[in-house]
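S.K.: Let me begin by handing over the structure; questions about it come next.
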Amino acid sequence: MIEQLFGSKTRVKLLQLFYSNPNRSFYVREITRKIDEQINSVRRELANLLNTGIITSDTSNHKVYYEVNQRYEFYAPLQEIFGSSPGKSRRAAKTSKAMEMPLKDEISDLKALGNVELAALMGQFTRDDSTGIDVLIVGNVNQHALTKYVTELEKQEGKDLRYTVFSLEDFTYRMQIKDRFMDAVLRSKKQVLIDRPGLLPK
């Protein structure tokens, strides 16, 4: 039903990929691997989404990167259907599950680490290296589980990742004194996965 409404299976998978990962950029072969579709079909549907303004593109290091256009006039309703943010409606979650998208549920994996208060992806995920890290974790976590999580994420993404961990107390203190690193975190382009205290802008 959803595929008939939106035109094709590949288009539906692309919409879920982009709306589930706001602020993240993907290049063609990475997209093809994540949604498990043929590259010609992916290229065709990316062109369609670009023409309608749903996504934007940018060239960096001789690669064309694509990401969702958060200024698109119908961004909010499409995000409600295809996104996977923690505040998403139950009906939208069922819709996304029905699509059987072969993507890793990073939020569920994070819960296995312990008491994660805040988690965000930046750096290589968003092509904004102002913080010098790719994964930020705040909370009381199991170090062994964290190492396993990062290793699995590196395998999934096909690249080495830089990560840092803070206790909630240390993180909030450094925010209060406005140290240089925290200022970079606040200003950086990032995808917030979990933020129970509401410390970071989305």
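What follows is calculated from the coordinates using simple rules that are stated; it is not laboratory data. Since the structure is predicted, the reported quantities are computational estimates derived from the model, not experimental observations. Heads up, the Cβs are rebuilt from the backbone with ideal geometry, glycines too, and the neighbour counts pull from every protein chain shown.
S.K.: What does DSSP give for segment 106-195 in terms of the percent of beta bridges that are antiparallel, rounded to the nearest 5?
M.R.: 75 percent
S.K.: Roughly how big is segment 106-195's charge dipole about its Cα centre, with Cβ charges of +1 (Lys, Arg) and -1 (Asp, Glu), in debye to the nearest 20?
M.R.: 180 debye
S.K.: Going out from 0 in 10 Å bins, what whole percent of all Cα-Cα distances in the chain drops into each bin?
M.R.: Per 10 Å bin, starting at 0, the Cα pair percentages come out as 8, 34, 36, 18, 4, 0.
S.K.: Something else: Express in nm, to one decimal, how much length is gained between ARG187 and TYR72 on full extension, taking 0.36 nm for each residue of separation and deducting their alpha carbon distance.
M.R.: Taking 0.36 nm per residue and subtracting the Cα distance, the gain is 39.2 nm.
S.K.: Tell me which aspartates and glutamates have Cα within less than 13 Å of LYS190's Cα, excluding those fewer than 8 residues away on the same chain?
M.R.: Within the straight-line cut-off, LYS190 pairs with GLU67, ASP128, ASP129, ASP134.
S.K.: Under 5 Å between amide H atoms, partner at least 5 residues away or on a different chain: which partners does ASP128 have, H built in plane at 1.01 Å?
M.R.: The list, which skips near neighbours in sequence, is GLY123.
S.K.: Per the helix-only calculation at 222 nm, which mean residue ellipticity applies to the chain, given -39500 (n - 2.57) for every DSSP H run of n ≥ 4 and division by its residues, nearest 500 deg cm²/dmol?
M.R.: -13500 deg cm²/dmol
S.K.: Still on this model: For ILE194, enumerate residues with amide H under 5 Å from its amide H, sequence gap 5+ or separate chain, H modeled in the peptide plane.
M.R.: Residues meeting the amide H criterion: ALA119.
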